[in-house]
Amino acid sequence: MGIFEKFKIGFKRSASNIASGLKEIIVKKEIDDTTLDKIEEFLIGSDVGIDAASEIKSIIAQKKIDPKNDPVKEVFEILNNYILELMKPLEKKDFFLKKEKTNIILVSGVNGVGKTTTIGKLGKIFIQNNNKVLFSACDTFRAAAIDQLEEWANRVDAKIVKSDPGSDPASVAFKAMEIAQSQNINQVIVDTAGRLQNKKNLMDELKKIGNVIKKSDETAPHEVILVLDATSGQNIINQLEEFNKLLPITGIIMTKLDGTAKGGILIAISKKYKVPIVGLGLGEKEDDLQIFEAEKFASAFTQVN
């Protein structure tokens, strides 16, 4: 199964809800002000966000839709083009390319978003692109996170640095840096804790990890990736803002898009924050992390093609 097919299957519920919702709203050939308001309200309810929904409404209002054409299809094409224009600049395909020097990636996200699983999938893609990969198990607060990361390391043939539960996360990161530099490993993926309910401890932890890494490479970390769960809806906005206060986010990965009927949250985030999008998680299998491509996302979300 190709990437586009996986996208279409993954977004089937979102696309189905959007399609059926618009068909219920657009019952006349002409789209009047009342219909425009209903379209805007519907898009907001689909987690597309107020700003994006308002812009889409304005574009529909300005375009003279030919009564001979299917107005629902034309609205979908407007939505498709809007997504493409908004999200094409946010592609981050070079993220997965082979790096000549040691590249340090900090991965954050609240517990339960699929962070550790996502790191495993990232590792597989990196290895497929001829990178040497080292996982650093710095989420020492949870023994399950360490064990799970080790399972993924074995599965994708990556190396791993770990310590006992409760150990100092920064010491694990420091050890990872030493190993990476001595063994010419060019991708180090650091699994960090996600306990937002205790922000001070989390902030101190992340700052300490960052400081330790900088002792070996003052340009590190080179990437700070935030993993978000699409089923969390508007809570995603709060997570992004809170983690961005701790360390500036350089990219996001959205997970669990195979099971949500509200994939529009990614559009809302793109409009509000313009954060690069690394990939989308469409399932639990090793190959279910898809490198983000705006065109495929737009087509699958709207099911235009």
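The values are calculated or read from the model by the stated rules, or taken from the named source; none is laboratory data. Just so we're clear, the structure is a prediction, and the values are computed from it rather than from any experiment. We place every Cβ from the backbone using ideal geometry, glycine too, and count neighbours over all the protein chains shown.
Quick look at the values:
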{"quantity": "Count of region 180-218 residues which are under 13 Å from Phe243 (Cα atoms) and of a type in the set (Ser, Thr, Tyr)", "calculated": "1"}
{"quantity": "Subset of region 187-204 (residues that are crowded, with 23+ Cβ neighbours inside 10 Å and of a type in the set (A, V, I, L, M))", "calculated": "Val188, Ile189, Val190, Ala193"}
{"quantity": "Any hit, region 43-58, residues being closer than 25 Å to Lys124 by Cα, buried (at least 17 other Cβ atoms within 10 Å of the Cβ) and either charged (D, E, K, R) or out of contact with any helix residue (DSSP H, G or I) (no Cβ under 7 Å at 6 or more places or on another chain) (or both)", "calculated": "no"}
{"quantity": "Residue that is farthest from Gly251 (Cα to Cα), among those in region 84-120 that are of a type in the set (Val, Ile, Thr) and in contact with a Ser or Thr (Cβ under 7 Å, 6 or more places away or on another chain)", "calculated": "Val113"}
{"quantity": "Sole residue being under 29 Å from Gly120 (Cα atoms), in a helix (DSSP H, G or I), in contact with a strand residue (DSSP E or B) (Cβ under 7 Å, 6 or more places away or on another chain) and at pLDDT below 95, chosen from Lys6, Lys99", "calculated": "Lys6"}
{"quantity": "Positions within region 186-227 being under 26 Å from Gln128 (Cα atoms) and either over 25 Å from the mean Cα position of the chain (by Cα) or in a strand (DSSP E or B) (or both), in sequence order", "calculated": "Gln187, Val188, Ile189, Val190, Asp191, Asp217, Glu223, Val224, Ile225, Leu226, Val227"}
{"quantity": "Matching residues in region 129-143 - criterion: being of a type in the set (D, E, K, R) and either in a strand (DSSP E or B) or modelled with pLDDT under 95 (or both)", "calculated": "Asp139, Arg142"}
{"quantity": "Only listed residue being under 16 Å from Asn111 (Cβ atoms) and surrounded by fewer than 16 Cβ atoms within 10 Å (Cβ to Cβ), chosen from Asn211, Asn238, Asn184, Asn154", "calculated": "Asn238"}
